[in-house]
Each structure stands twice: as C-alpha cells, then as structure tokens.
1. Does ALA60 satisfy being surrounded by 18 or more Cβ atoms within 10 Å (Cβ to Cβ), among the aliphatic types (A, V, I, L, M) and within 19 Å of ASN127 (Cα to Cα)?
2. What are the pairs with Cβ atoms under 8 angstrom where one residue, in the range 88-112, is within 16 Å of the ligand (Cβ to nearest atom) and the other, located anywhere, is part of a loop (DSSP other than H, G, I, E, B) and hydroxyl-bearing (Ser, Thr, Tyr)? Sequence gap at least six, or different chains.
3. Name every residue in the range 34-47 that is modelled with pLDDT of 85 or more and part of a helix (DSSP H, G or I), in order of residue number.
4. Just give me the residues in the range 67-114 being assigned to a helix (DSSP H, G or I) and touching a Leu at 6+ places or on another chain (Cβ under 8 Å), in sequence order.
5. Conditions first: (1) crowded, with 17+ Cβ neighbours inside 10 Å; (2) under 19 Å from the mean Cα position of the chain (by Cα); (3) part of a helix (DSSP H, G or I). GLN50 passes all but one, so which condition is the exception?
6. Please work out if GLU215 is within 12 Å of the ligand (Cβ to nearest atom), within 18 Å of ALA235 (Cβ to Cβ) and within 16 Å of the chain's Cα centre (by Cα).
7. So VAL101 ticks every box in (1) over 30 Å from LYS241 (Cα atoms); (2) among the aliphatic types (A, V, I, L, M); (3) touching a strand residue (DSSP E or B) at 6+ places or on another chain (Cβ under 6 Å) but one. Which box is left unticked?
8. Take THR23 and tell me if it is among the hydroxyl-bearing types (Ser, Thr, Tyr) and either within 15 Å of the chain's Cα centre (by Cα) or more than 26 Å from ARG176 (Cβ to Cβ) (or both).
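The values are calculated or read from the model by the stated rules, or taken from the named source; none is laboratory data. Since the model is a prediction, treat every value here as computed from it, not as a measurement. A quick note on method: Cβ atoms are made from the backbone with ideal geometry, for glycine too, and the neighbour counts reach across all protein chains shown.
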Amino acid sequence: MKDASIRQAAELIRRSHSPVVFTGAGVSQESGVPTFRDALTGFWEQYDAQSLATPEAFVADPDLVWAFYEYRRGLIRKAKPNAAHIAIGSLEERVSNLVIVTQNVDGFHQAIGNREVIALHGNIFENRCFEGCGWMGIVDAKETDKAPLCPGCRKSRLRPNVVWFGENLEEDNIVRATAAVLACDVMVAVGTSGLVAPASQLPELAILRGKPVIEVNPKPTPFTPQATIALSGKAGDVLPKIFPPVW
Ligand code: BV8
C-alpha cells in the first residue's frame, strides 16, 4: 500500500464536510467476528451462513437457525470494537455530518458512539415475533438452542431482528442511506465484498454520481477498479492512518 495513496486519502477526508463510511463484515474481522465468507468453525463448519440466514431455513428448523444466531451473539459478546471502529468513532469528533451505513448486525459502530448509524441489515441482539404480532425486544440469552415462544402472541416463535436473504430491507433505511450517499462529498467503503444487494448498490451509486470513493479491503472487490483510491489492507491498519486522531 503506497504512502502517497494514504496521504491522498487522508487529505480527501480531512477536507470532507459530509463523509459516508460504508462498512461490511470485514470491519469487524479483526475483532474476531467471522465475516460472511469466512469459513464457519466447529459445529457450524458444516453449514453455509447464507443458507441459514433465510426465512425458509427458519421455517424448516427454527431451533437450528436460533442456535446459529445464539452462536454468533456469543462470538460478538466476547469481541469488542477494534482499531477500525475506534478510528471511525474518532472521525465523528471532527466531522459533524458523518453518516455510517453498515451491513453489519453486531452493533459495534453504535457501541463506539457513532451517532448516525444506518444498520441496513438490523441488529443481531434484537428479536421479533416471526409471525409479525408486533412484539420486539431482547430476550435473556443463555445460548439457548430453542427459538423461544413469542411473549406477545404466545403462538409464534421469536426470530432475530435482522434482514434475511430474500427479505426486503426497511424502506426508511434505504431512503436515508441513499440520501446520505447523494449528499456526501466522499465515501469510504470498508470491509465489504460488494456481493450483497441492495446494499452494494450504495457504493455503486457513489461511483455513478462521481463521488470520490476510497476503498479499504485486503482483497480486490467489484468496486476496486472504479474506486478513486483503493487501499489494499486491513481496516484496523489503514483507518487509523486515514482518520488520524488529530490533524
Ligand atoms: C433483497 C443479516 C429483495 C443477516 C445480511 C436470488 C434470489 C433471492 C435473492 C437474491 C438473488 N440474487 C440476488 C438476490 C438478492 C440478495 C443478494 O444480494 N444475494 C447475494 C448473496 C447474491 N439480497 C437479498 O436477499 C436482500 N434482500 O434483495 O430483497 C428481494 C426479495 C425477495 C427475492 C429477491 C429479492 C437482503 C440481503 C441482506 C441479507 N442479510 N445480514 C445476518 O447477518 O445473519 S447480509 C450479510 O452478508 C451480512 O450483513 C454481511 O455484511 C453481508 C456480506 O457482505 P459483506 O459485509 O461484504 O461480508 P463478506 O463476508 O461478504 O465480505 C467481507 C469482506 O471483508 C471481504 O471483501 C473481505 O476481503 C473483507 N475483509 C476481511 N477482513 C478484513 C476485510 N476488510 C478490511 N479489513 C479486514 N480485516
């Protein structure tokens, strides 16, 4: 990774008044939270995360899907935000119009104190009634392997309040995230494979609208060829260099 690109990226961000930081699972990888494409370990090695993150999987085996989310909740509880989250958090101290658009469900950006976080895919620690009676909340998680009965209707089961594959994202989140991208003067796309739509359409929109896009990822993605600056590296190494604590 060339120093000149780092300096160029840091200067773009220093001058920014309305940055958008778009994050994917890679930004939490150094916290020990597996990305969606990392092979799952142990008991979960036999499964593909994507096939478990669907309503069909839940209908077929609610307890298996519930246990999968309890497993991931356990990993996130043991983890903590890393240098990348902290660098994004520190950016907020200098740029009031910062908007974080994240595909992640781990709540780390919120935990670090970022105020404007649009969590496109929900929050893994919240639950809601699968049948949609309206009940929503946190349950006392004891790594239970059974999807609990919904306390609201006492008929359906609880499911994690995340967006599964094949489900629509919340309209309000899409509208707010799109508005933020259209209004931004720079986008930093960190730790995303760019494979999941419609979230992946947001960096595409930034590129289409001629916004400067800085990509941070150790591997190339569909965005890399069109990024203004592509920084090949880990988020925890790169972000503290381009979002320096003090200018
Ligand atoms: C929708 C919540 C309309 C759950 C997630 C065919 C049939 C049906 C649907 C589709 C289809 N074809 C396309 C679709 C649409 C589908 C989709 O995009 N599928 C893909 C896989 C082809 N999308 C949907 O279904 C969406 N809804 O379209 O509704 C609709 C309705 C009905 C029918 C059709 C369409 C809903 C998508 C939301 C799914 N839910 N999360 C949960 O978490 O359990 S998405 C999930 O994947 C995570 O949120 C995660 O963020 C995301 C994966 O993307 P990334 O974040 O990019 O993570 P990934 O692992 O892929 O990559 C990590 C990156 O980090 C890599 O690039 C790696 O190099 C990098 N990295 C690693 N370490 C580091 C690093 N970078 C920096 N530093 C490091 N240290």
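1. no
2. GLN103/THR192
3. none
4. Step one: list which residues in the range 67-114 are assigned to a helix (DSSP H, G or I), which gives 67-78, 83-92, 108-112.
Of everything in the range 67-114, those that are assigned to a helix (DSSP H, G or I) and touching a Leu at 6+ places or on another chain (Cβ under 8 Å) turn out to be PHE68, ALA83, ALA84, ALA87, ILE88, LEU91, GLU92.
5. Single failed check for GLN50: (1).
6. Numbers: within 12 Å of the ligand (Cβ to nearest atom): yes; within 18 Å of ALA235 (Cβ to Cβ): yes; within 16 Å of the chain's Cα centre (by Cα): yes.
Here the answer is yes, as GLU215 does meet what is asked.
7. (1)
8. Numbers: among the hydroxyl-bearing types (Ser, Thr, Tyr): yes; either within 15 Å of the chain's Cα centre (by Cα) or more than 26 Å from ARG176 (Cβ to Cβ) (or both): yes.
Criteria met by THR23.
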